[in-house]
Each structure stands twice: as structure tokens, then as C-alpha cells.
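Values in this text are rule-based calculations from the coordinates and carry no lab data. Keep in mind it's a predicted model, so treat the numbers as computed, not measured. Note that we place each Cβ from the backbone using ideal geometry, even for glycine, and neighbour counts take in every protein chain shown.
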Amino acid sequence: MVAALLAAGCALHDQHVVRGYAPVSGLRMYYEIHGRGRPLVLLHGGGSTIETSFGTLLPALAKTRQVIAFEQQGHGRTADVDRPFRFEQSADDAAALLDYLGIGQADFFGYSNGGSIALQVAIRHPQRVRKLVVASAMYRNDGLVPELAESLEHATPENMPAELAEAYLAVAPHPEQLPVMVEKCAERMLNFEDWPPEVLRSIQAPTLILIGDADVVRPEHAVEMFRLLPHGRLAILPGTDHMELMRRAELLLPMILPFLDQPAAD
């Protein structure tokens with residue numbers, strides 16, 4: 001599976017792809033730009049890469065969009081630095097990358113931890129956000145199924161999803177740091193401090209919340225987020241767990257593309 005995703009990632013719209021490293025917030029951040037059109041920033045999940053989170057969806061998104069995908073601190077091709085992983089810092093990194101690329105405003109599509117980062121971009125840098133697609137994210141600890149918190153307390157490279165470990169080892173500049181990446185990912189989640197409801201109420205960007213019905217985020221939590229967002233929409237995909245969610249292109253694209261194409265003022 002990972003080999004297929006990585007191969008697909010290498011072939012994604014090769015006729016118009018820019019790849020590079022940006023000096024962002026003390027990082028040498030790896031990024032890719034696919035296609036042309038209105039900017040859409042992709043924010044991958046924790047412990048993931050561009051390909052493992054978005055390899056299934058990126059080709060279709062890049063047909064009509066300028067897709068900006070980057071790998072976060074300590075993930076994929078972006079080397080780590082001496083600071084913890086935090087959603088707020090990652091949101092600032094995303095805004096700084098847009099500054100580097102000369103992009104004023106964009107849509108954001110975040111998956112899992114990337115979804116929480118997308119929400120933080122809208123909270124901390126609202127002028128940068130036109131629309132949000134937030135897949136399998138949370139804003140409170142109790143939004144996660146209890147089993148996930150238990151597994152994070154014992155997270156190691158050996159018990160992380162094999163496809164994520166393989167993808168990291170295939171592209172990381174320092175593959176020997178896989179245990180550090182796993183430890184920092186777990187620490188970010190285990191020390192997560194709940195966001196007050198009024199923080200979500202402050203987000204004015206139209207936001208599509210996506211979740212699988214067998215996800216690590218409870219459906220009830222997704223409904224709470226949908227109710228708090230002033231311009232929220234919600235879709236719960238049937239028969240879909242956390243890892244499957246981003247592979248359900250046949251269900252996701254007919255919802256995501258019309259939502260992004262609709263004028264924001266509507």
C-alpha cells in the first residue's frame with residue numbers, strides 16, 4: 001500500500017509540480033505545489049506524509065486548484081528541530097509558508113491532527129483562511145475514543161501503523177529519528193489542552209466537518225463542532241474508520257469540490 005501511495009505521489013501532476021524547501025520558523029520545510037487555480041493548502045495527519053494522507057485525493061484536487069502540500073516539523077522530508085509538536089506552532093508554520101510563497105489567502109484541508117491545525121490557522125490567522133475542510137479532528141480530549149488515549153500512552157515505532165512508519169523511513173532526512181517523531185506525536189495528544197467553545201464560535205470561515213462512523217473521533221464530538229461553528233457543515237461517512245477516511249474519494253470528492261467551489265459569501 002505504501003509503495004503504491006508513494007509512487008502515486010511521485011506521479012501527481014508531474015506536468016506542473018514545484019517542489020522545494022522553505023526557511024520557515026526555524027525549519028527547512030519541504031513543500032510541493034500541484035496544479036493551478038485557487039490556492040488549497042493540505043495539512044497531513046500526525047506521523048504521516050503528504051502521500052499517506054492525501055495520495056488518493058490530491059490528483060483530483062489539483063485538476064482545478066493550486067494545491068500546496070507541505071510536511072510538518074519532524075514529519076516526512078522536513079527535519080525536526082528542538083521544540084515540541086504543538087497545533088498552534090504548526091498553524092503559525094503554515095501561515096509563514098504562505099508568506100514565503102507570496103500567497104495571501106487560501107482554503108485549508110486538514111486531516112486528523114492536520115484538521116486541528118487547520119482550525120488553529122482559522123483561529124490565529126483568520127485573514128489567511130477562505131474555507132476549511134476539517135477531517136477527523138477534535139477540539140477537546142473527550143472527543144476521542146478512549147482506546148486511542150490508551151494506545152498513545154504506549155506508542156512506539158513498532159505499534160504505529162506500518163504504512164506510516166514505512167513512509168517516514170523512505171523519505172526522512174534522518175530516519176533514525178522515527179522514535180523521536182512517535183514520542184513527540186504522542187506527547188502532543190496526551191498533553192492536549194481543551195479549547196473553549198467560544199474559540200470555535202469565533203471561526204467565521206465556512207467549514208466542512210468530515211468524519212467516519214468508525215473513526216477515532218466520536219460522531220457526537222463532530223456534531224458538537226458542527227453546532228459551534230457559525231458556518232459549519234457536517235458529513236459522516238458510513239462504514240469508514242480513521243485510516244480509510246482519506247481513501248474514500250468516491251464519497252469525499254463530490255462533497256469537497258462543490259463546497260470549495262461555492263462562493264464563500266454564500
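Scanning region 19-47 for residues that are over 12 Å from Phe70 (Cβ atoms) and either hydrophobic (A, V, I, L, M, F, W, C) or under 14 Å from the mean Cα position of the chain (by Cα) (or both) returns Leu40, Gly45, Gly46, Gly47.
Being assigned to a helix (DSSP H, G or I), of a type in the set (A, V, I, L, M, F, W, C), within 20 Å of Leu119 (Cβ to Cβ) and in contact (Cβ under 8 Å) with a residue 24 or more places away in the chain is a description that does not apply to Leu237. If the condition is being assigned to a strand (DSSP E or B) and touching a Pro at 6+ places or on another chain (Cβ under 7 Å), then region 217-233 contributes no residue at all. Of all residues in region 133-180, those that are in a helix (DSSP H, G or I) and of a type outside the set (Gly, Ala, Ser) total 19. Does at least one position in region 208-225 carry a residue that is surrounded by fewer than 13 Cβ atoms within 10 Å (Cβ to Cβ) and of a type in the set (A, V, I, L, M, F, W, C)? No, every residue in region 208-225 fails to be surrounded by fewer than 13 Cβ atoms within 10 Å (Cβ to Cβ) and of a type in the set (A, V, I, L, M, F, W, C).
What about Gly110, is it touching a residue at least 12 places away in the same chain (Cβ under 8 Å), small (Gly, Ala, Ser), surrounded by fewer than 16 Cβ atoms within 10 Å (Cβ to Cβ) and in contact with a helix residue (DSSP H, G or I) (Cβ under 8 Å, 6 or more places away or on another chain)? It is false that Gly110 is touching a residue at least 12 places away in the same chain (Cβ under 8 Å), small (Gly, Ala, Ser), surrounded by fewer than 16 Cβ atoms within 10 Å (Cβ to Cβ) and in contact with a helix residue (DSSP H, G or I) (Cβ under 8 Å, 6 or more places away or on another chain).
Just name the residue that is surrounded by the fewest Cβ atoms within 10 Å (Cβ to Cβ) out of those in region 76-98 that are assigned to a helix (DSSP H, G or I) and of a type in the set (A, V, I, L, M). Working first, answer last.
Restricting attention to region 76-98, the residues satisfying the condition of being assigned to a helix (DSSP H, G or I) are 87-98.
Right, trim to of a type in the set (A, V, I, L, M) and you get 91, 94-98.
Working: Ala91: 24, Ala94: 28, Ala95: 21, Ala96: 18, Leu97: 20, Leu98: 20.
Only one residue fits best here, namely Ala96.
The test for being surrounded by fewer than 24 Cβ atoms within 10 Å (Cβ to Cβ) and under 14 Å from the mean Cα position of the chain (by Cα) holds for Gln73.
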